[in-house]
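Written below as structure tokens is the structure these notes are about.
Where a number appears in this text, it was derived from the coordinates with a stated rule and is not lab data. Please read these numbers as outputs of a predicted model, since none were measured by experiment. Backbone-built Cβ (ideal geometry, glycine too); neighbour counts: all protein chains shown.
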């Protein structure tokens, strides 16, 4: 066998190997596409469920804010106002008392 024949044989073997490799890659790509298309309905269901869950959570947060947090904040604001008003009133009464000669 001459060097030219060995070269030709190597070229033929490499061409066959590359053809087989291309076919394997094509089949693998088709399998991936088929799997992706098969998963699409499941993914859509999962996304729809996640959107419903997010809407439920938004509603729960809104309810909690309206029914629990706001009344507590209002009550605490009133209590803080009463305390501050009492402190101001007490300080004025104490100042008046110290002017009249009474001890503070």
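The residue list 83, 70, 74, 42 contains one member that is free of Cβ contacts under 8 Å to residues at least 24 places away in the same chain, loosely packed, with under 10 Cβ neighbours inside 10 Å and in a helix (DSSP H, G or I), which is 42.
What about residue 94, is it without any contact (Cβ under 8 Å) to a residue 24 or more places away in the chain, more than 37 Å from the chain's Cα centre (by Cα) and either assigned to a helix (DSSP H, G or I) or surrounded by fewer than 10 Cβ atoms within 10 Å (Cβ to Cβ) (or both)? Yes.
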